[in-house]
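Student: After the structure tokens below, expect a handful of questions from me.
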Amino acid sequence: MKASLLKITSVVLGAAREFLAREGFVELLPVILAPVTDPLRHSPDRALIMAYGGKWHLTRSMIFHKQAAVRVCPRIFCFSPNIRLEPADWGRTGRHLFEFVQLDLEVRAANREEVMTLAERLLLFVLQRVEEECSQELAQLGRRLPPLSPPFPRITYREAQDKYGEEFEEALSHTATTPVWLVDFPLQVREFYDREDPSRPGTLLDMDLIYPEGFGEALSGGEREHRPERIRKRILAQGLPLEAYRSLLSLAEEGLPPSAGFGIGIERLVRFIAGVSHVGEVRLFPRVPGELSQL
């Protein structure tokens with residue numbers, strides 16, 4: 001089974017690269033260490049090293065680098081390794097690794113609607129390529145992919161919460177028969193770089209895509225805050241130190257373009273395609289929260 005999963009992963013990577021190259025994207029090399037990284041309020045632990053008289057973060061996401069990169073190229077992507085020291089009990093969810101790869105992309109001057117459409121087209125292209133090139137592997141896994149037809153349905157954060165309760169994401173994923181967009185997150189549940197809708201104060205122009213069949217979150221993204229005064233205000237409102245994000249604020253003061261984008265977890269995508277129970281099965285050397293590895 002492991003060989004089948006590795007073959008599917010390889011085809012997923014190649015298909016995503018092919019699709020994005022056709023769409024005019026430029027691939028970046030990943031950033032592994034950075035003086036500043038994604039705050040991710042749900043996961044407070046940081047992986048840090050000391051070098052050259054300073055403190056370096058192992059990258060939790062390339063969000064700030066993506067915002068900086070679209071100053072140079074209007075469409076960029078990267079297969080970005082992420083290190084997120086999640087709680088040990090998250091290792092049992094089937095969805096979490098503390099080392100994983102994310103397909104991160106960003107588009108200058110794009111809005112949420114444009115990147116949502118792009119994500120749907122990317123997902124369908126990748127799935128079609130896997131079905132063409134990995135039919136034997138899918139058969140060995142006993143997996144038949146559900147038919148997908150965009151545009152995918154949408155539900156707001158508040159609607160999902162009212163319908164399913166606090167654990168709405170899991171309930172939504174288990175009841176859905178097609179991917180579902182979760183949109184319009186409240187300001188207080190996401191990060192300071194997510195753009196607030198100017199016409200609806202307190203609502204972010206964010207989105208998550210939720211897989212059907214109980215496979216959980218597929219991707220997360222939205223429009224980015226690029227105005228320095230708004231970034232500064234949001235950092236302070238989140239109780240974070242301005243000094244930690246001084247380099248980002250300096251870039252914003254020089255001029256960050258408006259942009260939108262998303263990150264899609266490669267291991268979670270392969271887990272959905274293959275229909276396996278735990279995302280760790282996708283990796284040859286998995287890093288599962290709470291578990292030690294021999295290699």
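The values are calculated or read from the model by the stated rules, or taken from the named source; none is laboratory data. Every value quoted in this text rests on a predicted model; they were computed, and no experiment measured them. All Cβ positions, glycine included, derive from the backbone under ideal geometry; neighbour counts span all protein chains shown. Calculation scope for accessible area: heavy atoms of the full protein, side chains included, ligands and nucleic acids excluded. Shrake-Rupley method; radii C 1.70, N 1.55, O 1.52, S 1.80 Å.
Student: Would you list the helices (runs of 4 or more DSSP H) that sit entirely within segment 133-247 and hold 1 or more residues that are at pLDDT 95 or above, more than 25 Å from I266 (Cβ to Cβ) and open to solvent by less than 10 Å² (accessible area, probe 1.4 Å)?
Tutor: Once the helices (runs of 4 or more DSSP H) in segment 133-247 are filtered for at least 1 residues that are at pLDDT 95 or above, more than 25 Å from I266 (Cβ to Cβ) and open to solvent by less than 10 Å² (accessible area, probe 1.4 Å), what remains is 157-164, 228-237.
Student: If you take the residues of segment 106-132 that are among the polar types (S, T, N, Q) and part of a helix (DSSP H, G or I), which of them is least open to solvent (accessible area, probe 1.4 Å)?
Tutor: Once the filter is applied, the top-ranked residue is T117.
Student: Additional query: Report every pair of residues separated by at least 6 positions or lying on different chains whose Cβ atoms are under 9 Å apart, first residue within segment 281-292 and loosely packed, with under 13 Cβ neighbours inside 10 Å, second part of a loop (DSSP other than H, G, I, E, B).
Tutor: Close Cβ pairs (under 9 Å, with a partner that is part of a loop (DSSP other than H, G, I, E, B)) amount to F285/S293; F285/L295.
Student: Go through segment 51-80 residue by residue and tally those that are surrounded by fewer than 16 Cβ atoms within 10 Å (Cβ to Cβ) and either touching a Lys or Arg at 6+ places or on another chain (Cβ under 8 Å) or more than 16 Å from A244 (Cβ to Cβ) (or both).
Tutor: Counting residues in segment 51-80 that are surrounded by fewer than 16 Cβ atoms within 10 Å (Cβ to Cβ) and either touching a Lys or Arg at 6+ places or on another chain (Cβ under 8 Å) or more than 16 Å from A244 (Cβ to Cβ) (or both) gives 6.
Student: Given the criteria under 19 Å from the mean Cα position of the chain (by Cα), aliphatic (A, V, I, L, M) and over 24 Å from P186 (Cβ atoms), does L118 qualify?
Tutor: Spelling it out, L118 is indeed under 19 Å from the mean Cα position of the chain (by Cα), aliphatic (A, V, I, L, M) and over 24 Å from P186 (Cβ atoms).
Student: Then there's this: Limited to segment 59-94, what total is found for residues that are touching a residue at least 40 places away in the same chain (Cβ under 8 Å), under 13 Å from the mean Cα position of the chain (by Cα) and either assigned to a loop (DSSP other than H, G, I, E, B) or farther than 20 Å from F285 by Cα (or both)?
Tutor: 7
Student: If we scan segment 95-102, do we find a residue that is open to solvent by 30 Å² or more (accessible area, probe 1.4 Å), under 26 Å from R246 (Cβ atoms), in contact with a Leu (Cβ under 9 Å, 6 or more places away or on another chain) and not in a helix (DSSP H, G or I)?
Tutor: Checked against the condition, which is being open to solvent by 30 Å² or more (accessible area, probe 1.4 Å), under 26 Å from R246 (Cβ atoms), in contact with a Leu (Cβ under 9 Å, 6 or more places away or on another chain) and not in a helix (DSSP H, G or I), segment 95-102 yields no hits at all.
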